[in-house]
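Asks: Take a look at this one; I'll ask things after.
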Amino acid sequence: SQINAAAGRHPMHVSLEVIEVISHAMRVSHLTKGAFNLAMGPMNTLWGFLDTQHVPSPAERAQLLPLTNPHHIVLNDTNQTVFLSRQNMRIDAGGIAKGFMAEKAKQVLLSHGISSGIIAAAGDIMLFGNKPNGQRWRVGIQHPRKPDERIASVDLTDTVVSTSGDYERFFMKHGVMYHHLLDPRTLLPARACQSVTVIGPHGALTDAVATGVFVMGPDTGLKLLADSQLGEGIIVDGAGKTSVSPTLEDRVQL
């Protein structure tokens, strides 16, 4: 919040953890060609998914578009500062913070001699070690349109499962569903997917990549995962069809 308050005025000296999480966010923004965007704060506020539930007009979106350019986030590792170079910019770490914090929580538990467990941070599940019987943890992937059903399950350990879906934060207006996963190009809800689950080794990256792939769509998203080796994916597209990374097919039960 202090970074946002200083937007357009001066850099803000921050902790090493803040530098680290923003560095991860900028890396994923580059890999996804902007599909994951840390600078979407103004639009998230305007839409008001948790309060006002406002559908912005084309004029409102056009006015705020210049404030959502991630290139205006200036990170200085040497001085340990973050600067938003345009006034009224706002960063929003909602798409990466939970995975980042789960990663840090795991490190704390390991340092205290806890060798196995599950850390659940909303849509991000951190798994390490094995169950008491020696088997891997079994994780179910929720069906995006049927809350009491799952579309898949997979046995895992020492990994992170991050899911981005259109069913957690949304509102209905005039029979249209508007969800919080916005396409930075249009500033409207992305429609290519209903749900994206990314399974990978790093909490912050897996969390952010799941959001980016949701915006990119299943074909481009699965190719990104394969090329970048950041994780494997289970994707439900806008029509309800499920796609799975080839390297995951023999380990997932649909």
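The values are calculated or read from the model by the stated rules, or taken from the named source; none is laboratory data. Since the model is a prediction, treat every value here as computed from it, not as a measurement. Glycine gets a Cβ as well: all are built from the backbone with ideal geometry, and neighbour counts include every protein chain shown. The area values use the complete protein model at the heavy-atom level, side chains included, leaving out ligands, DNA and RNA. Shrake-Rupley method; radii C 1.70, N 1.55, O 1.52, S 1.80 Å.
Asks: Write out, first by first residue and then by second, each pair whose Cβ atoms fall under 7 Å of each other, whose residues are 6+ apart or on separate chains, and whose first residue, in segment 51-78, is more than 24 Å from Arg9 (Cα to Cα) while the second is open to solvent by less than 50 Å² (accessible area, probe 1.4 Å) and of a type in the set (S, T, N, Q).
Replies: Cβ pairs passing all conditions: none.
Asks: Here's something else I'd like to know. Could you count how many residues in segment 232-243 are over 15 Å from Val215 (Cα atoms) and touching a residue at least 60 places away in the same chain (Cβ under 8 Å)?
Replies: Summing the residues that are over 15 Å from Val215 (Cα atoms) and touching a residue at least 60 places away in the same chain (Cβ under 8 Å) in segment 232-243 gives 2.
Asks: Only one residue in Thr32, Thr81, Thr68 is touching a strand residue (DSSP E or B) at 6+ places or on another chain (Cβ under 6 Å), of a type in the set (Val, Ile, Thr) and either open to solvent by less than 30 Å² (accessible area, probe 1.4 Å) or at pLDDT below 95 (or both), so which one is that?
Replies: Going through Thr32, Thr81, Thr68 in turn, the sole match is Thr81.
Asks: Considering only residues that are in a strand (DSSP E or B) and touching a Ser or Thr at 6+ places or on another chain (Cβ under 9 Å), look in segment 161-180 and name the one that is farthest from Gly217 (Cα to Cα). Before you say what the answer is, go through the steps one by one.
Replies: The initial filter retains those residues of segment 161-180 that are in a strand (DSSP E or B), namely 161-165, 170-173, 176-179.
If we keep only those that are touching a Ser or Thr at 6+ places or on another chain (Cβ under 9 Å) as well, we get 161-165.
Working: Val161: 18, Ser162: 16, Thr163: 14, Ser164: 12, Gly165: 12 Å.
Applying the filter and picking the extreme gives Val161.
Asks: Then there is this: Answer yes or no as to whether Lys104 is basic (Lys, Arg) and closer than 28 Å to Thr220 by Cα. Show your work before the answer.
Replies: On the way: basic (Lys, Arg): yes; closer than 28 Å to Thr220 by Cα: no.
Taking the combined requirement at face value, the residue does not satisfy it.
Asks: Go through segment 183-221 residue by residue and tally those that are in a loop (DSSP other than H, G, I, E, B), open to solvent by less than 10 Å² (accessible area, probe 1.4 Å) and hydrophobic (A, V, I, L, M, F, W, C). Even if it seems obvious, please write down each step before you answer.
Replies: Quick first cut of segment 183-221, residues in a loop (DSSP other than H, G, I, E, B) only: 184-187, 190-192, 201-202, 217.
From what's left, open to solvent by less than 10 Å² (accessible area, probe 1.4 Å): 187, 190, 217.
From what's left, hydrophobic (A, V, I, L, M, F, W, C): 187, 190.
The qualifying residues number 2.
Asks: Just to check your reading of the model, which residue among Glu168, Glu149 is out of contact with any helix residue (DSSP H, G or I) (no Cβ under 9 Å at 6 or more places or on another chain), at pLDDT below 95 and open to solvent by 40 Å² or more (accessible area, probe 1.4 Å)? Reasoning before the result, please.
Replies: Numbers: Glu149 fails: at pLDDT below 95.
Answer to the selection: Glu168.
Asks: Which pairs turn up if I take residues in segment 95-108 that are closer than 11 Å to Leu205 by Cα and look for partners that are open to solvent by 30 Å² or more (accessible area, probe 1.4 Å) and not in a helix (DSSP H, G or I) with beta carbon separation below 9 Å, at least 6 apart in sequence or on another chain?
Replies: That search, which allows pairs on different chains as well, returns Lys98/Ala122; Gly99/His202; Glu103/His202.
Asks: All but one of (1) out of contact with any Pro (no Cβ under 7 Å at 6 or more places or on another chain); (2) open to solvent by 20 Å² or more (accessible area, probe 1.4 Å) hold for Arg90; which doesn't?
Replies: (1)
Asks: Restricting to segment 1-29, and then to whatever is more than 17 Å from the chain's Cα centre (by Cα) and open to solvent by less than 10 Å² (accessible area, probe 1.4 Å), can you tell me which residue is farthest from Pro70 (Cα to Cα)? Write out each step before concluding.
Replies: Pass one, segment 1-29, residues more than 17 Å from the chain's Cα centre (by Cα): 1-17, 19.
Now drop any that are not open to solvent by less than 10 Å² (accessible area, probe 1.4 Å), which leaves 6-7.
Working: Ala6: 16, Ala7: 13 Å.
Looking at the filtered set, the residue picked out is Ala6.
Asks: Has segment 91-109 got at least one residue that is touching a strand residue (DSSP E or B) at 6+ places or on another chain (Cβ under 7 Å), modelled with pLDDT under 95 and in a loop (DSSP other than H, G, I, E, B)?
Replies: No: zero hits.
Asks: Let me ask you something else. Please give the number of the condition Ile96 fails out of (1) more than 20 Å from the chain's Cα centre (by Cα); (2) aliphatic (A, V, I, L, M); (3) under 30 Å from Ala7 (Cα atoms).
Replies: (1)
Asks: Which numbered condition trips up Ser115, out of (1) open to solvent by 20 Å² or more (accessible area, probe 1.4 Å); (2) touching a helix residue (DSSP H, G or I) at 6+ places or on another chain (Cβ under 8 Å); (3) assigned to a loop (DSSP other than H, G, I, E, B); (4) not aliphatic (A, V, I, L, M)?
Replies: The one condition Ser115 does not meet is (2).
Asks: Now a separate question. Does segment 119-139 contain any residue that is in contact (Cβ under 8 Å) with a residue 40 or more places away in the chain, open to solvent by 70 Å² or more (accessible area, probe 1.4 Å) and in contact with a strand residue (DSSP E or B) (Cβ under 8 Å, 6 or more places away or on another chain)?
Replies: Among the residues of segment 119-139, not one is in contact (Cβ under 8 Å) with a residue 40 or more places away in the chain, open to solvent by 70 Å² or more (accessible area, probe 1.4 Å) and in contact with a strand residue (DSSP E or B) (Cβ under 8 Å, 6 or more places away or on another chain), which makes the answer no.
Asks: Now for a separate question. Which numbered condition in (1) more than 13 Å from the chain's Cα centre (by Cα); (2) over 25 Å from Thr68 (Cβ atoms); (3) buried (at least 19 other Cβ atoms within 10 Å of the Cβ) is the only one that Leu224 fails?
Replies: Leu224 satisfies all of (1) more than 13 Å from the chain's Cα centre (by Cα); (2) over 25 Å from Thr68 (Cβ atoms); (3) buried (at least 19 other Cβ atoms within 10 Å of the Cβ) except (2).
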